[in-house]
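Down below is the structure, laid out as structure tokens.
Derivation of every value follows stated rules applied to the coordinates shown; laboratory data play no part. Source: prediction; values computed, not measured. Here Cβ is always computed from backbone atoms with ideal geometry, including for glycine, and neighbour counts include all displayed protein chains.
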Amino acid sequence: MGYKMRKTKLYFGLLIITLVAILVFGFRFDYLDRANPNNFVNYGIPKNVENTYSNCTFSLPSQRTIILRMDDIGAGYIPVYKSLINKTISQNISLTLATIPMNVKTNLGIAKYLRNIAKNEYIEIAQHGYAHTLQEFQINTTNPLKLINEGKNILIEKIGVIPTTFIPPYNLYSPQTLEALNKEGFKIISSGQNNYLSKSEIFILDFNTQSFYANKYTPTQEIISVCNKSLNQMQICVIMLHPQDYAMEYNKNIINRSRFEDYQEMLDGLKELNVEFKTFEDLLSC
């Protein structure tokens with residue numbers, strides 16, 4: 001009787017262990033499988049990704065338009081940029097998220113969050129370089145095409161989007177970078193240069209971009225004033241944001257409430273300029 005009881009307990013224990021293993025590893029494999037580039041259809045992305053945006057053309061807006069560009073997504077400050085994103089899209093305001101591919105690749109939590117938020121109609125995922133190093137896309141970069149291609153594939157695989165906007169780290173890039181972006185099918189580059197390449201499918205946008213560096217925090221009224229001047233001149237204004245400028249200096253994961261209020265004040269002031277809020281991608285006609 002004792003032997004049968006022990007045998008029953010052993011079988012029962014093995015059954016429990018098997019079920020736990022199935023749940024744990026099954027979820028793990030399912031998670032990785034859904035991120036497999038062969039399963040883009042799960043994200044609603046055509047398998048023929050090369051030609052998805054080949055016929056798209058860019059044009060400047062006919063209405064006064066503001067693009068909010070939030071850089072360094074993936075480089076920490078997660079609670080901060082989540083709060084900023086939620087505050088923005090809750091008011092039906094569009095936002096371009098300049099996302100660092102390498103950080104997405106190494107942090108499944110960030111990838112999962114961005115994969116979900118990318119489904120929101122007010123969000124655009126842009127490619128922010130590769131690993132966000134100073135030298136990545138400058139003149140001495142030996143193979144920008146390789147970095148751009150690998151970064152693009154990471155965003156496709158992990159987030160399920162095909163980026164059409166490229167934002168180089170530190171707004172620095174070389175002519176070779178533009179050639180590589182053309183080959184990879186990008187349509188827009190937002191950087192620190194006021195150029196327009198009429199012979200290229202790449203259009204450089206950076207109208208009166210405002211920096212929000214912690215040591216040079218731009219007052220709200222100055223942002224609104226400069227942006228309005230840009231709107232009067234060119235119908236468009238691009239505002240560059242950094243999550244770290246809304247974090248407490250002693251803890252990057254805690255939001256600075258005073259500056260968070262400034263952010264809302266900025267949004268309220270921009271709304272009064274009689275504008276539309278769009279992403280870069282919204283300016284493409286496909």
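Observations on the structure shown:
- In order along the range 146-153, the Karplus-derived 3J(HN,Hα) couplings, from 6.51 cos²θ - 1.76 cosθ + 1.60 at θ = phi - 60°, round to 5, 5, 5, 5, 5, x, 4, 5 Hz, and Gly and Pro are given as x.
- Residue-wise HN-Hα coupling along the range 250-263, computed from phi with Karplus coefficients 6.51, -1.76, 1.60 (Hz; x: Gly, Pro): 8, 7, 5, 9, 10, 6, 7, 4, 5, 6, 4, 5, 4, 4
- ASN55-GLU150 FRET efficiency (beta carbon distance; Förster radius 35 Å; 0.05 resolution): 0.85
- Fewest neighbouring Cβ atoms within 10 Å first, the residues ILE254, ILE189 line up as ILE254, ILE189.
- In plain terms, the residue of TYR246, TYR263 with the fewest other Cβ atoms within 10 Å comes first and the most crowded comes last, giving TYR263, TYR246.
- For VAL161, the amide hydrogen comes within under 5 Å of the amide hydrogens of ILE156, counting only partners 5 or more places away or on other chains and with H modelled in the peptide plane.
- Sparsely packed loop sites in the range 224-286 (the GluC sites (Glu not before Pro) outside DSSP H, G, I, E and B with at most 15 other Cβ atoms within 10 Å) comprise GLU249, GLU272.
- Residue exposure sequence - CYS286, CYS237, CYS56 - by fewest surrounding Cβ within 10 Å: CYS286, CYS56, CYS237
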